[in-house]
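Below you'll find the structure, written out as structure tokens, and then a few comments.
Quick note: the coordinates plus some simple rules give every number you see, no bench work behind them. None of the values given here were measured: they were computed from a predicted structure. Here the Cβ positions follow ideal geometry from the backbone for every residue, glycine too, while neighbour counts run over all protein chains shown.
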């Protein structure tokens, strides 16, 4: 993931640098204002944190709006698609997606809640697993692995 993160950062950095250059070349007043306002908002957002992180946040928050100003005349509505692609391919988004896909499903959460509240209304508890499954060493059913000692 480290190589992907580096490659993604370089690609987005080139895209942003090109946009800032275009914005400052064609619309210097608007791009400069967007750059300064974005940097100020980023610095205010991360104030109180480590200085290095505050500087990085201010830089990113300032250059992105200036890059949007630079790319907007050339790409128009296509800039929304570019922004969406940049967002869904970002390492942070992919890590969050991986965590979300690896989390237990909704049915297992509901099942654990129902079993936890079984003493309140025993009639609503789903039936236990059937005995045709192999039991593990502790006598529990439903194990996907065969018990020890049997192939």
Open item on the list: Could you tell me how many of the residues in region 12-58 are within 21 Å of residue 84 (Cα to Cα) and surrounded by fewer than 16 Cβ atoms within 10 Å (Cβ to Cβ)?
Closed with: 5
TODO: Could you please tell me which pairs satisfy a Cβ distance under 9 Å, a separation of 6+ or placement on different chains, a first residue in region 8-20 that is outside any helix (DSSP H, G or I), and a second residue that is surrounded by 14 or more Cβ atoms within 10 Å (Cβ to Cβ)?
DONE: none
